[in-house]
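Heads up: the structure comes next, in structure tokens.
The values are calculated or read from the model by the stated rules, or taken from the named source; none is laboratory data. Quick caveat, the model's predicted, so the values are computed rather than measured. For neighbour counting, all protein chains shown are included, and Cβ atoms are generated from backbone atoms with ideal geometry for every residue, glycine included.
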Amino acid sequence: MKLAHWLAVAATAALVTACASTTQGGAVGANRSQILIVSEAQMNQQAALAYAQTLQKASSARALNTNAAQTARVQEISRRLIAQTPHFRPDARQWDWQVNVIQDKTVNAWCMPGGKIAVYSGIIDTLKLTDDELAAVIGHEISHALREHSREQASTSALQSLGVSVISQAAGLGEAGATVINTAAQYALTLPFSRRHETEADIVGLELMARAGYNPQAAISVWQKMSAASQGSVPQFMSTHPSHATRIADLQAAMPKVMPLYQNARGKRR
């Protein structure tokens, strides 16, 4: 019981001292407090290593930036979006941003902590993305990095493991009991938490693309295309992502906040 007590004290102290927001709110108000007990430097170091390994693997397979026109297109759209990141995080100006395209049929794109972006040709080709739609996809991924969702998820996972240990020892549940608690925690905490991340990335990405002069309405068409391409997806309550219908509804609700930014950006580019 003494060990459980001290573990509980440690968990409480971590919760009290590690609550902060990684971003300024922007027009969409993305400044929710987050639990961040894993260091930013540690996450960025691990991300840089993983990114280098991913690029090396793609290069060895002759799949890295092999389509010059597509690579230039992705990098230009990313450049315009990255230029807007200081509206949420002034320190993002100093990030070591990298943007690469991997020739692969996978329908995916991601941005690792610290600004390491990869776009797979599969998502561009399969969904036949316009520049505005591609900006919605890349803006969404950049937003995960701005909000440090990977770091938050790692921190939450660490605290969850600590909590399972405390409860199991205190209640005398043993290993089987810990497994049950872990399963319950996954559906009650982990999965909905991931859906929150996805919703935040959608909304922050919407503002980034609007400020960069890309039509925010294209974010809706992306998910309409994604819905058509992903028949038979798992129910929302068991998924780490919101349903396509939920995403579209959330994007539509945020549209009045970002459309003036888009109109302003378009005026400046004329």
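For this structure, a couple of remarks:
- Look at (1) within 26 Å of T199 (Cβ to Cβ); (2) modelled with pLDDT of 95 or more; (3) in contact with a strand residue (DSSP E or B) (Cβ under 7 Å, 6 or more places away or on another chain); (4) surrounded by fewer than 18 Cβ atoms within 10 Å (Cβ to Cβ) and you find that L15 fails only one, number (2).
- Applying the set (1) over 15 Å from the mean Cα position of the chain (by Cα); (2) modelled with pLDDT of 95 or more; (3) under 23 Å from S33 (Cβ atoms) to S143 leaves exactly one unmet item: (1).
- Count of segment 226-265 residues which are at pLDDT 80 or above and hydroxyl-bearing (S, T, Y): 3
- Verdict on S194 being under 20 Å from I138 (Cα atoms) and modelled with pLDDT under 90: yes
- Taking (1) surrounded by fewer than 17 Cβ atoms within 10 Å (Cβ to Cβ); (2) closer than 24 Å to A210 by Cβ; (3) under 18 Å from the mean Cα position of the chain (by Cα) in turn, P90 satisfies each apart from (3).
- Of all the residues in segment 94-122, those that are closer than 22 Å to I203 by Cβ and exposed (fewer than 15 other Cβ atoms within 10 Å of the Cβ) number 1.
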